[in-house]
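These notes are about the structure you will find just below.
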Amino acid sequence: MIELFLCMDKIRILDKEFALSIPYERIHEAVVSMADAIYANHKDSNPLFLCVLNGCFMVAGDLFKEYKGPCEISFIKLSSYSGTTTTGEVKKVIGLNQDIRDRDVIILEDIVDTGITISHLIRDLSGYAPKSIKVATLLLKPKAVQTNIRPDYVGLEIPNDFIVGYGLDYDGYGRNLKDIYKIIEE
Ligand code: 5GP
Ligand code: MG
């Protein structure tokens, strides 16, 4: 039953239908490339990764298995999304327990859409005087970006469709899908 569900090209979550968009193999290639690219630039700097929950838990789990150098990993939380449209509201950062002063910080995101979340996060974190802040995101919607933030590491650029799977949800569901699905607009 579960296997059938995972192999399907179309799925339904609550009131919406989604079609298979990025299979896990393609996601994994992108994650490995990101891990290698980050490592190439941060071999000697013992970076501190701040992974933005909830969405990035799958990227984090896969990326750190491939990241070859010393690093610290921490998780923070904030969210701007409700349903399928950006609300523009950005909540405060919670869970920042590390001292980030003079550290090379790498924010790890699942997706950058408008860029509003990440630009607020960079502004908040800058207040703690880190040495540098870089942004790594598995997915980027270049046509949706409304800020002047450009992530330093991008796994895949995708069109402006609403997607689910691989950590990303639709109203709380779909995060556990191994592949990424995009919404089928009626
Ligand atoms: P931004 O502030 O860049 O517009 O949005 C960032 C956050 O919105 C992401 O971290 C993610 O949680 C959510 N988001 C953006 N686009 C999508 C999408 O297509 N699907 C899902 N499920 N979440 C998204
Ligand atoms: Mg996110």
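Read the figures in this text as sums done on the coordinates, not as results from a lab. As the structure is a prediction and not an experimental result, all values here were calculated from the model. No Cβ is skipped: glycine too gets one built from the backbone with ideal geometry, and neighbour counts run over all protein chains shown.
When only C-alpha pairs under 8 Å and at least 6 residues apart count, what is the relative contact order of the stretch 40-183, in percent? Kindly include the intermediate steps, with their values, before the conclusion.
Numbers: 273 pairs, mean separation 31.0, N = 144.
It comes to 22 percent, rounded to a whole number.
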Shape category assigned to the stretch 97-168 from the gyration tensor of Cα positions, a/c cut at 1.5
prolate
Simple label model, 7 Å out from Cα along Cβ direction - TYR39 to LEU96, nm
2.9
5 Å is the cut-off here: which amide hydrogens, built 1.01 Å from N in the peptide plane, fall below it relative to ILE107, excluding neighbours closer than 5 in sequence?
LEU50, LYS134, VAL135, ALA136
Aspartates and glutamates with Cα under 18 Å of LYS182, excluding same-chain neighbours fewer than 8 positions away:
ASP9, ASP15, GLU17, GLU25, ASP110, ASP113, GLU157, ASP161, ASP169, ASP171
In terms of the alpha carbon gyration tensor, root eigenvalues a ≥ b ≥ c, rounded if a/c is under 1.5 and otherwise prolate when a/b exceeds b/c or oblate, the chain is prolate
Computed ³J(HN,Hα) along the stretch 45-53: with the Karplus parameters 6.51/-1.76/1.60, θ = phi - 60°, integer Hz and x for glycine or proline, the list is 10, 6, x, 9, 7, 10, 9, 8, 6
What helices in the chain pass both tests, a Cα length along the helix axis of 20 Å or more and a mean Kyte hydropathy of -0.5 or higher, using whole DSSP H runs?
24-42
Pull up the cross-link candidates among the lysines for LYS131, meaning alpha carbon to alpha carbon under 21 Å and not fewer than 8 places away within one chain.
LYS43
The chain: calculated mean residue ellipticity at 222 nm from DSSP helix runs of at least 4, using -39500 (n - 2.57):
-7500 deg cm²/dmol
Sorted peptide list for 94-101, 156-163, criterion being average Cβ within 10 angstrom, highest first
156-163, 94-101
